[in-house]
Amino acid sequence: MRSLQNQLRTHINRSNLSVRDVERLAGLKRCALSNILEGKSKKPSLETLQATAKVLECSVSDLLEGFESEDNAHFQSGLE
């Protein structure tokens with residue numbers, strides 16, 4: 001999960017948007033990304049990651065880069 005948090009932070013910083021801006025533009029609930037960044041959300045949905053990636057102009061794979069886990073298979077299967 002740490003890698004997802006790091007990748008998400010990196011892409012948000014590059015976008016010059018606030019976490020709240022990304023949540024709003026992605027149509028996510030308030031604190032959805034904050035919960036991921038703080039480790040409170042252990043298994044974010046593929047839909048959340050897809051909406052976030054679209055706003056950040058990257059792919060879900062970019063956000064999952066270096067994410068080595070059984071959970072990655074869950075996300076990757078939704079990308080195929």
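Expected output is a single nm value to one decimal: the length gained when fully extending between residue 45 and residue 18, i.e. 0.36 nm times separation in residues minus the C-alpha distance. What is it? Intermediate values should be presented prior to the final figure.
Working: separation 27, 0.36 × 27 = 9.72 nm, distance 2.07 nm.
Difference between extended and current length: 7.7 nm.
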So residue 54 and residue 25, fully extended at 0.36 nm per residue minus their Cα-Cα distance, gain in nm 9.5 nm
Evaluate the distance, in nm, between pseudo-label points positioned 7 Å from the Cα of residue 35 and of residue 6 along their respective Cα→Cβ axes. 2.5 nm
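No value in this document is a laboratory result; all are computed from the given coordinates. Keep in mind it's a predicted model, so treat the numbers as computed, not measured. Cβ sites come from the backbone with ideal geometry, for glycine too, and all protein chains shown count toward neighbours.
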